[in-house]
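**Student:** Below is one structure. I have some questions about it.
The values are calculated or read from the model by the stated rules, or taken from the named source; none is laboratory data. Source: prediction; values computed, not measured. Neighbour counts are summed over all protein chains in view; Cβ atoms, including those assigned to glycine, are modelled from backbone coordinates with ideal geometry.
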Ligand SMILES: [Cu+2]
């Protein structure tokens, strides 16, 4: 947006040079300590023309965001209030000064030094453009008896630069962004499972065999590459779309009959379900999410069985649900000076059966975490995940009775995992990296059911 504004500015200055007759005196930006992401700018503008000039926008190639502010008294607190425009009367002089109108320079590309020069472009209501060069200057901060309240925005700007501002990599969904921001994300998730649990304890292959199954899974890996895009329609509403590429592999062992002890591997890979979501910001700390899962993933994936015949793979090996699923979520995060915490609740409801006459069970999840920045660029987090998954409803026409993975009643579980994570906020960059890994610490399952050894998530995001 900033770049677009500048391009527009160049076009206008080229075509309409001197269309605006203004003089700008002593333009300066307050020198801020490193790591501070907001600075005020002051100058005096003289309108040499016989017409009023209304400034409606400011931008700079060195800052992501700029605003015009006024300072107003609210009780005994001074507040900075964003202004959509400021009008300079014909043949008048107007001062942008401390405790009054000023420019707010936000999210600099780098930490600036004294006497560094910063380009600033102004756009007027009539579409004219004029520019000036501001100089970074050390200025004594006025000692004020009154408290300065930067409001929501000041806190937000400061917090946004923290590594723990974004959720740990394993936490789904996201946070609202500033209006018109666009973000691209990539997440890689991997999970290793082995066999098997029933209730809260591990069970042996003999146990599975004695239940009448002739095959048992031995281990399973799931890899997921998820691509997402998020766009902030305004400060309250962001829209997201997510699609994943999934790879699954399962090894089975023959428990009875012919070829006892032989193992066999099956795999499935392809696109998963497409998810589109809306985020609604409730406050600076919380948001609501509603997402719809659209069945783009296959749910009748096939692979060769032990006999060499291509058969539909059991439920856990499928890539999609085959149903339109609704997920409602609530996220909360509170950021303190040197730590933060948050939690997220998600509930997924599946309404219909897929064309193979089954559906995955409903699902409820809770993720909670505490995070602590250990430097300006790195934060550490500890978290707990609770997931509650229901059994499969209906019965696939492709099912068989040979393996517990095909049994609809061996899928529900309550699982608690603990995890540890790292977030990186690259300096002077719009990229973030997160990594989070966890292991189950409590499981209560309807089984025999496969259970995870560990899971890891790696997340990358880039904000335009
Ligand atoms: Cu301000």
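**Student:** Can you say whether residue 244 is assigned to a strand (DSSP E or B) and out of contact with any helix residue (DSSP H, G or I) (no Cβ under 9 Å at 6 or more places or on another chain), as far as the supplied structure shows? Before you say what the answer is, go through the steps one by one.
**Tutor:** Numbers: assigned to a strand (DSSP E or B): yes; out of contact with any helix residue (DSSP H, G or I) (no Cβ under 9 Å at 6 or more places or on another chain): yes.
So residue 244 passes the test.
**Student:** When you go through 107, 99 one by one, which is the residue that is over 20 Å from residue 178 (Cα atoms) and either touching a helix residue (DSSP H, G or I) at 6+ places or on another chain (Cβ under 7 Å) or within 14 Å of the ligand (Cβ to nearest atom) (or both)?
**Tutor:** Result of the check over 107, 99: 99.
**Student:** For the range 81-93, which residues satisfy the criterion of being closer than 19 Å to residue 179 by Cα and either within 11 Å of the ligand (Cβ to nearest atom) or surrounded by 16 or more Cβ atoms within 10 Å (Cβ to Cβ) (or both)?
**Tutor:** Hits for the range 81-93 are 81, 82, 83.
**Student:** Sticking with this structure for a sec: Determine the pairs where a residue that is free of Cβ contacts under 8 Å to residues at least 40 places away in the same chain, located within the range 53-78, has a partner that is more than 14 Å from the ligand (Cβ to nearest atom) and not in a loop (DSSP other than H, G, I, E, B) with Cβ atoms under 9 Å apart, the partner being 6 or more residues away or on another chain.
**Tutor:** From residues that are free of Cβ contacts under 8 Å to residues at least 40 places away in the same chain, the pairs are 68/55; 68/56; 68/57.
**Student:** Working only within the range 259-295, note down all residues that are touching a strand residue (DSSP E or B) at 6+ places or on another chain (Cβ under 7 Å) and part of a loop (DSSP other than H, G, I, E, B).
**Tutor:** 260, 261, 262, 272, 273, 282, 285, listed by residue number.
**Student:** Right, another one. Collect the residues in the range 101-110 that are at pLDDT 90 or above and not in a strand (DSSP E or B), keeping them in residue-number order.
**Tutor:** Within the range 101-110, just 101 meets the criteria.
**Student:** Still on this model: Kindly indicate which of 65, 49 is over 30 Å from residue 464 (Cβ atoms) and either more than 16 Å from the ligand (Cβ to nearest atom) or crowded, with 16+ Cβ neighbours inside 10 Å (or both).
**Tutor:** The unique qualifying residue is 49.
**Student:** Next question. Out of all the residues in the range 18-29, which are outside any strand (DSSP E or B) and surrounded by fewer than 19 Cβ atoms within 10 Å (Cβ to Cβ)?
**Tutor:** Residues satisfying the conditions are 18, 19, 21.
**Student:** Follow-up. Considering only residues that are crowded, with 17+ Cβ neighbours inside 10 Å and assigned to a strand (DSSP E or B), which ones fall in the range 322-342?
**Tutor:** 325, 327, 329, 331, 333, 335, 340, 341, 342
**Student:** Is one or more of the residues making up the range 247-257 within 28 Å of the chain's Cα centre (by Cα), assigned by TED's automatic domain parsing to the domain that holds residue 396 and surrounded by 14 or more Cβ atoms within 10 Å (Cβ to Cβ)?
**Tutor:** Kept after step one, since they are within 28 Å of the chain's Cα centre (by Cα), are these residues of the range 247-257: 247-248.
Next, only the ones that are assigned by TED's automatic domain parsing to the domain that holds residue 396 stay: 247-248.
Then drop every residue that is not surrounded by 14 or more Cβ atoms within 10 Å (Cβ to Cβ), which leaves 247-248.
Checked against the condition, which is being within 28 Å of the chain's Cα centre (by Cα), assigned by TED's automatic domain parsing to the domain that holds residue 396 and surrounded by 14 or more Cβ atoms within 10 Å (Cβ to Cβ), the range 247-257 yields at least one hit.
**Student:** Same structure, new question: When residues of the range 68-80 are filtered for being near the ligand (Cβ under 10 Å from one of its atoms) and either within 16 Å of residue 37 (Cβ to Cβ) or loosely packed, with under 12 Cβ neighbours inside 10 Å (or both), how many remain?
**Tutor:** Residues meeting the conditions: 2.
**Student:** Exactly one of these conditions fails for residue 113: (1) within 16 Å of the ligand (Cβ to nearest atom); (2) assigned to a loop (DSSP other than H, G, I, E, B). Give me its number.
**Tutor:** (1)
**Student:** With under 30 Å from residue 339 (Cβ atoms) and surrounded by fewer than 17 Cβ atoms within 10 Å (Cβ to Cβ) as the only criterion, which of 418, 381 stands out? Write out each step before concluding.
**Tutor:** On the way: 381 fails: surrounded by fewer than 17 Cβ atoms within 10 Å (Cβ to Cβ).
So the residue among 418, 381 that is under 30 Å from residue 339 (Cβ atoms) and surrounded by fewer than 17 Cβ atoms within 10 Å (Cβ to Cβ) is 418.
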